[in-house]
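To start, the structure under review is shown below, and the notes come after it.
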Amino acid sequence: TARVFTRSHLEEGFHRSIALERFVRLLTTNIMIALGKKIVALQTMRAEDRYDELIKTYPDIFRRAKLGHIAGYLGVKQQSLSRIRTAKKEGH
């Protein structure tokens, strides 16, 4: 069952629990850092290098996610991802 928390629910929770406020602040900070890194990577790295970094970080990603999702994450079309994978397998 999905739950929806409004901003007022969160604010109430923050007032009741310093631990909750700290947890959400740290979670938000980590998400913002990861998003910033992804934006920089999309703007500055070649698709092949983003692919290499993804494989290094998540070696079993192709067993856990669909190709279309991986391509979207890397900022490439699925055909481009297939080309990159083929080139890597052939040692290029």
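Suppose we filter Leu35, Leu10 for residues that are open to solvent by less than 80 Å² (accessible area, probe 1.4 Å) and either assigned to a helix (DSSP H, G or I) or free of Cβ contacts under 8 Å to residues at least 60 places away in the same chain (or both); which single one remains?
So the residue among Leu35, Leu10 that is open to solvent by less than 80 Å² (accessible area, probe 1.4 Å) and either assigned to a helix (DSSP H, G or I) or free of Cβ contacts under 8 Å to residues at least 60 places away in the same chain (or both) is Leu10.
Identify, by number, the condition in (1) outside any helix (DSSP H, G or I); (2) more than 20 Å from Gly91 (Cα to Cα) that Tyr73 doesn't meet.
(1)
I'd like the full set of residues that are among the aliphatic types (A, V, I, L, M) and in a helix (DSSP H, G or I), limited to the stretch 38-68.
Residues satisfying the conditions are Ile39, Val40, Ala41, Leu42, Ala47, Leu54, Ile55, Ile61, Leu67.
Would you say Thr44 is of a type in the set (Ser, Thr, Tyr), surrounded by 10 or more Cβ atoms within 10 Å (Cβ to Cβ) and either over 14 Å from the mean Cα position of the chain (by Cα) or modelled with pLDDT of 95 or more (or both)?
no
How many residues are modelled with pLDDT of 95 or more and open to solvent by less than 90 Å² (accessible area, probe 1.4 Å) if we restrict to the stretch 22-32?
Summing the residues that are modelled with pLDDT of 95 or more and open to solvent by less than 90 Å² (accessible area, probe 1.4 Å) in the stretch 22-32 gives 4.
Can you name the residue in the stretch 53-78 that is among the charged types (D, E, K, R) and free of Cβ contacts under 8 Å to residues at least 12 places away in the same chain and, of all such residues, is most open to solvent (accessible area, probe 1.4 Å)?
Arg63
The values are calculated or read from the model by the stated rules, or taken from the named source; none is laboratory data. What you see is a predicted model, and the numbers here were worked out from it, not measured in a lab. Methodologically, a virtual Cβ is constructed for each residue, glycine included, from the backbone with ideal geometry; neighbour enumeration extends over all protein chains shown. Accessible surface areas use protein heavy atoms only, side chains included; no ligands, DNA or RNA. Shrake-Rupley method; radii C 1.70, N 1.55, O 1.52, S 1.80 Å.
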